[in-house]
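To start, the structure under review is shown below, and the notes come after it.
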Amino acid sequence: MKCPMCGYENKEGATYCLMCYKVLKEEEPEEFTTMKKMVAVTTPTIEGKRVVEYIGIVTGEAIVGVNIFKDISASIRDIVGGRSASYERELLDAQRIAVEEMKKRALIRGANAIIGVDLDYETIGAMLMVTVSGTAVKVE
C-alpha cells in the first residue's frame, strides 16, 4: 500500500505509513486506543516489569508557533513578574503532542513500553520546539 503523502511502499493492510506516520486507513485500529496507556518512563527499567525485547530508538517532535499577543503578554509578565500562562499552555500542549507521536511510533514498531525517555525544549525564533526520545521495548 503506497503512502499518498510520502510515496513509501508499506505492507498491504498497513494502518499507518512506517516512513511518515500518516494514517492510511480511516478507522483507528483498536490497538491505538492502548497508546494512551503505554508506559513511558525516564528510567532505564520499569519496576516490576522485565524487558524481553529492545526494539530501538523512537522519537516525537512538536513545534508550535506563538503569536504577537502572547509575546506582548509574556513581555508584560517579565516586567511586572509572574508566570506566563499562555506560554505554559503552549509548552504543555507541545509536550503532549511530542509524547503522543513517540508512543504512536513505538506502537507501530511493536513496543508496549518506552524506557529512557528524554524531553528537550528549544526555541526557534518565535516558535517553541519540544523533542522527546526513548527506547521502545516489549515488557512482561
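What follows is calculated from the coordinates using simple rules that are stated; it is not laboratory data. Keep in mind the model is a prediction, meaning the values are calculated, not measured. Here Cβ is always computed from backbone atoms with ideal geometry, including for glycine, and neighbour counts include all displayed protein chains.
Determine, from the Cβ-Cβ distance of Ile46 and Arg96 and an R0 of 22 Å, the FRET efficiency 1/(1 + (r/R0)^6), rounded to the nearest 0.05. Efficiency, rounded to the nearest 0.05: 0.55. For Ile55 and Glu12, the difference between the fully extended length at 0.36 nm per residue and the C-alpha to C-alpha distance is 13.3 nm. Listed from fewest to most Cβ neighbours within 10 Å, the set Leu92, Leu119, Leu128 follows the order Leu92, Leu119, Leu128.
In straight-distance terms, cross-link reach from Lys2 covers every one of the lysines whose alpha-carbon lies under 18 Å from its own, apart from those fewer than eight places away in the same chain; here that gives Lys11, Lys22, Lys25. Extending 7 Å from Cα along the Cβ direction at Met5 and again at Met127 yields two label points whose distance is 1.6 nm.
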